[in-house]
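I have placed the structure first, in the form of C-alpha cells, so that the comments after it can refer back to it.
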Amino acid sequence: MTTPFRIAALQMRSGTEPGPNLEALEALVAEAKAGGALYALSPEMTVVFAENREGLVGPASPQAAAADAARVAEMAKRHAIFLHLGSMAVALPDGRFANRSMLFSPEGKLVASYDKIHLFDATLPGLKHYRESATYAGGGEAVVAPVAGFNLGMTICYDLRFPALFAALAGAGASVIAVPAAFTVPTGEAHWEILLRARAIETGSFVIAAAQGGTHANGRATYGHSMIVDPWGTVLAQASNDAPGVVVAEISLDKVAETRARVPALANSRPFSLSVNQARAV
C-alpha cells in the first residue's frame, strides 16, 4: 500500500506581461500548498501569453526568461512544493522560441525541462493558417522526471493528440502525466475531456491537466476546465468553468498498479509491421 497524496492543477488567465502573471501564479501556488498539494502544475504559456511572435521578443529573451524562471524557482522554495511551470517561451539562437516546461523541486532546484514536441501547423478551410512552427522550434526528446515518490511524464497542449507519446512516457515508468494547455473554446468543448480521459485509460496513468481559461489580453479565448483524471478514466476533480482557480485531488499510486494489472495494455503491447494492401483487378 502506498500513501495517498495531493496534486493540484492551477487554472490561469495569463496576459501579455510577465509581472501580473507571476503574481497570479504565486497566489495559486499558495492556495495549492494550503490545500495540501505536494505538486502543482500551471498552464501552457503561464508567464507570457503573447498575441504574436513580436510580443515574445522582449519578454522571452534569454535574460528575461532566466529571471522569470528564477522567480518561479523561488516560489517553489518559499512554498516548499514541487512546482511545475507548465510552459514559457524561451528565445533560441535561430530567432524562434522553445515552448518549454520546467519542473522545480521544493528546494528551488530545476529538476527537469521539456520542450513541446508537436507543433500545430494547419490550414483550416475558409478560416486561417496556423503555423506554430514559424514561431516555435519543436523539441525532440520525451521526458520522465522523479517527483516525491512517483515518476512524472511531461507533455504540453497539442501533444495530447498524439497517444504514442503518452504510451512512451508510461512505458518509461511515468505514473502521472502532466498536460499544461491553452485549448481554444471550440476544440475544448469538443475534445478536451474525451482526450484526457482516453490518454489516462490507454496508459493506466493519472493525468493532470492545467488550462488557460477565459478571454485574454492577446484576444484569444481559452476553454479552462482544468481536471485530474485517474487511471480508470474517472474525473477526480474538475474546474466547472474558465475562471482562474485551483483544482486539487488526492491520488494513490496503488490505483496505477491495480488498473494496469486489470487491463494490462502496456504489458500486452507488441511491435508489428505494416503492409498496405491494394485492391487488385481480377
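Where a number appears in this text, it was derived from the coordinates with a stated rule and is not lab data. In this text the structure is predicted, and so the values were computed from the model without any measurement. All Cβ positions, glycine included, derive from the backbone under ideal geometry; neighbour counts span all protein chains shown.
Checking each residue in the stretch 159-175 for being more than 21 Å from His191 (Cβ to Cβ) and either in contact with an Asp or Glu (Cβ under 8 Å, 6 or more places away or on another chain) or surrounded by 24 or more Cβ atoms within 10 Å (Cβ to Cβ) (or both) picks out Ala174, Ser175. Take the residues in the stretch 176-196 that are small (Gly, Ala, Ser) and farther than 18 Å from Ile251 by Cα, then tell me which one is surrounded by the most Cβ atoms within 10 Å (Cβ to Cβ). Among residues in the stretch 176-196 that are small (Gly, Ala, Ser) and farther than 18 Å from Ile251 by Cα, the one surrounded by the most Cβ atoms within 10 Å (Cβ to Cβ) is Ala181. The numbered conditions (1) in contact (Cβ under 8 Å) with a residue 24 or more places away in the chain; (2) of a type outside the set (D, E, K, R); (3) surrounded by fewer than 22 Cβ atoms within 10 Å (Cβ to Cβ) are all true for Gly224 except (3). Select from the stretch 26-71 the residues that are of a type in the set (D, E, K, R) and touching a residue at least 24 places away in the same chain (Cβ under 8 Å) and write down the one among them that is nearest to His84 (Cα to Cα). Ranking the qualifying residues of the stretch 26-71, first place goes to Glu44. Looking across the stretch 154-196, the residues that are of a type in the set (Val, Ile, Thr), in a helix (DSSP H, G or I) and in contact (Cβ under 8 Å) with a residue 24 or more places away in the chain come down to Val185, Thr187.
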